[in-house]
Amino acid sequence: MINGTILLVEDNPDDQKLTLRALKKNNILNEVVIAEDGAQALEYLFGTGQYADRDPRQRPALVLLDLKLPKVDGLSVLAQIRADDRTRTMPVVVLTSSAEEQDLVKSYELGVNSYVRKPVDFVEFVDAARQLGVYWLILNAQPRMHGL
Amino acid sequence: MKPSRTTALAAGFGLALGMLGIVRLHHESRVTRLQGAAALVARTHEVQTQLNRVLSSVEGLETGERGFVITGDPMHLEPFDVGRLRVQDALRTLCTLTRDSVRQQENCDALAPLIASKVERSQRNVDLRGSAGFEAARQAVAEGEGKALMDQIRVVIARMDAEEQARLGERSLVAAREASVAGRLATAAEGMGIILLVTMFILLIRESRMRQRMQGQLDRFFTLSLDMLCIAGMDGYFKRLSPAFHRTLGYTTEELLARPFLDFVHPDDRAATLSEVERLHRGIPTISFENRYQCRDGSWRWLSWKSQPVAEEGLLYASARDITERKEAEERIAQLNADLQVGANHLREVNRELETFSYSVSHDLRAPLRSIDGFSQVLLEDYADRLDGEGRDALQRVRRAAATMGELIDALLALSRINRVQLRSEPVDLSALAETIAAELRQTQPDRQAEFVIAPGLVVDGDPTLLRAMLGNLLGNAWKYTEPRGTARIEFGSREGSGERVYFVSDNGVGFDMAYVGKLFGAFQRLHRQGEFGGTGIGLATVQRIVHRHCGRIWAEGAVDQGASFSFTLGGQAADSGSGLERTDVPIAAA
């Protein structure tokens, strides 16, 4: 899984760039696919739309999911991932600006694996990315159902 | 009239009737007795007659015997035979008449053989005259036997006569005695009857007077009553009205009596009034019915009705109360409530907007901050060789500013969240919390000399998370503002205020000028320059909101360089939710 794909669902180009940089800083060299909104993320995961020729059985090693997204929001994407047998056990980490209790509670209710609040301080963010990479790409054994 | 009084009168009349009955019975028995007495006298006379008949028959027999003995003429035998036959008949009759008396029977028994002997003796003398001649018969008579018998007969008859007289006297005496007792009884009954009738008469007069008095009282109440009292007919007209109608409506009583009462009812209330009257016709009383009546000046008064139908009289008895003022007050209250509801809806709307706002603040304001900080860091890392010291310093300042703004946004969100979160209520050990916070503060600066004085066992009911944030802020402030002191002294305790428990956090720090106490609890209000002490300026605003959500109050005392003391109460139960309406001891600057 060290070489699996990471699906980054993020609409903000700055955040995309900073996230890629943070991963690179931690020597996480996995291929990163970027989906700019919830709909695109679902098309990628289930091999539909512009990703119709993709084999959905090729699962990403990790999904980094923002909550506030155009078209289909992050919580809906999470719900559909958990509703489908093909993606049910996939590790999903919510990576968001929101520290709202309601977002946190809903995410865990829908079966998220981790909830990480993006810190303003980039140095802290790099550290968070390192921990995520270490846990979900190296230590974690697949397949797993919900929970850390 | 009360039933008891009616019963008493009926009983009185009954008694009087009874007395009259007794008198009547007495009269009847007296008539019977008089008839009895007359019969008794007649019987005595009959007995005496029969006694005389016996005696005269015997005397007739003796006269015939003597005449025949002297003359020998058979002419004298006729009275002899008549006497002999008649005496037997008279004796039988006499004995039958006196059968009821033992003594007279004895006399009869004594008389019968005497008469038989007399008859036999006389028959013998007559026979002797016939057979042996005058001289033999004269001698037989002269022997005196017949005379002796005759004397004895006379004695017995005289005895019987006396006996009969005595019996008559005796019976009359008994009858007279009985008559006198019955007479007294009748007299007494007559007297009682009269007394009773007189009493009844007095009672009736009294009753009538009392009724008159009660009628007068009722009339006075009717006239005096502040409520409107009336009697109305089933025909839809008033029959009688108390003066309160005139006072309330302005119409004269005559005007009100002249038209059907429905004419005075507000057109919108007529249908309801008619159906209420219909119910009354069916015998259902009105407990509370409200309608509007027109006044003479054209205005309307609200009346509340209570009525009772009396079917046998075909009347409605009703009282009405003027409730116009109450109605108007109710309308005003309803209007105020509606206004309040509009205000509350507006507040809810504002609150929802605020929530949406803070949610997007949390997301959208932080994203550009991350870019500012992140790309500054990119410059510092990737282009360090092309930046001089001043350039690097500028980028560091950009990063610090971004960090500060991030903290401010977080603090602001935390402040707004206090009003949005659902409050829990459970026992919270403030003393234990204070100890934990104190230990955490010491760890941040292990080198500082500081003394915490924490009163043990202070337990309150409240939300543990919010109370921890509140104590954390107060103790954190105290920790921060005592830093310039050689030895910090920070105290957490409680005292009895006016009927409530007051908690306080005091320190020996730099204090503040009481002139600015009003700014202390406002968001982003600071009494010290940023360079002196760090912080967002939101801590005390947060503390105040937490105290208010627990229905408490908070206030501060202090002086420059004399330390500060923050006192608060926790009103018991926690306020329900952040509706935006809350107590404000100190004005809060807009967040």
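The values are calculated or read from the model by the stated rules, or taken from the named source; none is laboratory data. Keep in mind that what you see is a predicted model, and the values were worked out from it rather than measured. No Cβ is skipped: glycine too gets one built from the backbone with ideal geometry, and neighbour counts run over all protein chains shown. Protein only, heavy atoms only, side chains kept; ligands, DNA and RNA dropped before computing areas. Shrake-Rupley method; radii C 1.70, N 1.55, O 1.52, S 1.80 Å.
Observations, loosely collected:
- Cα-only radius of gyration and Dmax that characterise the stretch B:36-133, units Å: 15.9, 57
- Anisotropy class of the stretch B:307-356 from Cα gyration tensor, a/c 1.5 cut: prolate
- Remark: spin-label model distance B:K327-B:Y516 equals 6.2 nm, labels positioned 7 Å along the Cα→Cβ axis.
- Relative contact order %, chain B, counting alpha carbon pairs below 8 Å whose residues are six or more apart: 8
- 3J(HN,Hα) from dihedral phi, the stretch B:51-63, Karplus parametrisation 6.51/-1.76/1.60, rounded to Hz, x for glycine, proline: 4, 4, 5, 4, 5, 5, 5, 5, 5, x, 4, 5, 4
- Summing charges over all other residues whose Cβ lies under 13 Å from the Cβ of B:I372, with Lys and Arg as +1 and Asp and Glu as -1, gives +1.
- Label separation (A:E31 vs B:F13): 12.4 nm, computed from points 7 Å beyond Cα along the C-beta direction.
- FRET efficiency estimate (nearest 0.05) - Cβ-Cβ, B:K147 to B:E120, R0 22 angstrom: 0.90
- Label zone at B:T436, where the point sits 7 Å out along the Cα-to-Cβ direction: the stretch B:408-424 residues whose backbone N lies under 16 Å: B:424
- At R0 = 30 Å, FRET efficiency that the Cβ-Cβ distance of A:V105 and B:L379 yields, to 0.05: 0.20
- Against the rule of thumb 2.2 N^0.38 Å, how large the Cα Rg of the protein assembly as shown comes out: 2.53
- Cα shape, the stretch B:403-555, gyration tensor, a/c 1.5 rule: rounded
- Sequence ranges B:36-46, B:556-566, ranked by mean other-Cβ count within 10 angstrom, highest first: B:556-566, B:36-46
- Using alpha-carbon coordinates, inclination of helix B:389-420 to the longest axis of chain B, degrees: 0
- Mean separation of Cα contacts under 8 Å (6+ apart) over length of the stretch B:303-445, as relative contact order %: 16
- Other protein chain C-beta atoms within 10 Å of residue C-beta, averaged over A:121-128: 4.
- Checking Cβ-Cβ separations below 4.7 Å across chain B identifies B:C230, B:C295, B:C551 as cysteines lacking any candidate disulfide partner.
- Taking the longest Cα principal axis of chain B as reference, the axis of helix B:270-281 is set at about 30 degrees.
- Whether the stretch A:12-72 is rounded, prolate or oblate, judged on the alpha carbon gyration tensor where a/c under 1.5 counts as rounded: oblate
- Legend: residue pairs A:K24/A:K118; A:K71/A:K106; A:K24/A:K68; A:K68/A:K118; B:K239/B:K327; A:K25/A:K71, Cα-Cα distance threshold 21 Å; pairs beyond threshold, A:K24/A:K68; B:K239/B:K327; A:K25/A:K71.
- Once the Cα-Cα distance is subtracted from the 0.36 nm per residue extended length, the B:L224 to B:R33 segment shows a gain of 61.7 nm.
- Computed across the stretch B:201-270, the Kirkwood radius stands at 14.1 Å (inverse of mean 1/r, all Cα pairs).
- Buried accessible surface for the A/B chain pair comes to about 2000 Å², total over both chains, computed with a 1.4 Å probe.
- Rg and Dmax over the alpha-carbon atoms of the stretch B:109-161 stand at 12.6, 40 Å.
- Here's the list of aspartates and glutamates a cross-link from B:K519 could span, going by alpha-carbon distance under 12 Å and ignoring same-chain residues fewer than 8 apart: B:D585.
- Fraction of alpha-carbon pairs over 40 Å apart in chain B - percent: 70
- The GluC sites (Glu not before Pro) of the stretch A:1-39 that meet both conditions, a loop assignment by DSSP and at most 15 other Cβ atoms within 10 Å of the site Cβ, are A:E31.
- Length-normalised contact order for the stretch B:387-534 - Cα pairs under 8 Å, 6+ apart - percent: 19
- In this calculation the C-beta distance from A:K24 to A:K71 is compared with R0 = 22 Å, giving a FRET efficiency of 0.20.
- One Cα centroid belongs to the stretch B:57-129, the other to the stretch B:162-209; the line between them spans 53 Å.
- Across the stretch B:168-242, counting alpha-carbon atoms alone, Rg and Dmax equal 28.7, 88 Å.
- Calculated from backbone phi, Karplus (6.51, -1.76, 1.60) coupling profile of the stretch A:16-32 in Hz, x at Gly/Pro: 4, 5, 5, 5, 4, 5, 4, 5, 4, 4, 9, 6, 8, 9, 4, 5, 10
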